[in-house]
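Q: This is the structure, below, for whatever I ask next.
The values are calculated or read from the model by the stated rules, or taken from the named source; none is laboratory data. Every value quoted in this text rests on a predicted model; they were computed, and no experiment measured them. Note: ideal-geometry Cβ built from the backbone for every residue, glycine included; neighbour counts use all protein chains shown.
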Amino acid sequence: MEGRSKSLSAIANDIAEGFVVVNPLFLKKFNERELKELQGALIKKEKQIRSESFPFNDPLQIRKRNIKLQRITQAIVILKNFMEGRI
């Protein structure tokens, strides 16, 4: 996507935080190379979140962490299906 104002890692961070919702309409503006790079950025963000220390005694932080991981996982599934042409 020419003229993209954000890096793919920033987009992956926004997806994890819930500022961006991944759906086929959102993904149409990316070319195939950028979709693969976005997938890599999402996987990298997922590894980063999983590598952070687990907040055992803080239910709110556990919930936030799990929601971020859920958003990233859902985005990866939608992205894979979009790239395979199922959506």
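Q: Need pairs with beta-carbon distance below 8 Å; first residue modelled with pLDDT under 95 and within region 28-56, second of a type in the set (S, T, N, Q) and surrounded by 10 or more Cβ atoms within 10 Å (Cβ to Cβ); sequence gap 6+ or separate chains.
A: As it stands, the answer is Pro55/Gln61, since those pairs meet every condition given.
Q: So, one more: What is the residue count in region 1-34 for residues that are assigned to a helix (DSSP H, G or I) and buried (at least 17 other Cβ atoms within 10 Å of the Cβ)?
A: 7
Q: Which members of region 6-27 meet the condition of being in contact (Cβ under 8 Å) with a residue 60 or more places away in the chain and under 17 Å from Asn81 (Cβ atoms)?
A: Of everything in region 6-27, those that are in contact (Cβ under 8 Å) with a residue 60 or more places away in the chain and under 17 Å from Asn81 (Cβ atoms) turn out to be Ile15, Pro24.
Q: Could I ask something else about it? Specify the residue that is nearest to Ala12 (Cα to Cα); the eligible residues are those in region 39-87 that are among the hydroxyl-bearing types (Ser, Thr, Tyr) and out of contact with any helix residue (DSSP H, G or I) (no Cβ under 8 Å at 6 or more places or on another chain).
A: Ser51
Q: Here's a check for you: in region 57-84, which residue that is among the charged types (D, E, K, R) and without any contact (Cβ under 8 Å) to a residue 12 or more places away in the chain is farthest from Lys36 (Cα to Cα)?
A: Step by step, filter region 57-84, then rank; the result is Asp58.
Q: Going through region 49-63 one residue at a time, which ones are within 20 Å of Val20 (Cα to Cα) and surrounded by 13 or more Cβ atoms within 10 Å (Cβ to Cβ)? Spell out how you get there, then give the answer.
A: Residues of region 49-63 within 20 Å of Val20 (Cα to Cα): 49, 63.
Within region 49-63, Ile49 is the sole residue that qualifies.
Q: Any idea how many residues of region 43-63 are touching a Pro at 6+ places or on another chain (Cβ under 9 Å) and not hydrophobic (A, V, I, L, M, F, W, C)? So that I can check it myself, show each step before the final result.
A: Quick first cut of region 43-63, residues touching a Pro at 6+ places or on another chain (Cβ under 9 Å) only: 61-62.
Add one more test, that the residue is not hydrophobic (A, V, I, L, M, F, W, C), and what stays is 61.
Counting residues in region 43-63 that are touching a Pro at 6+ places or on another chain (Cβ under 9 Å) and not hydrophobic (A, V, I, L, M, F, W, C) gives 1.
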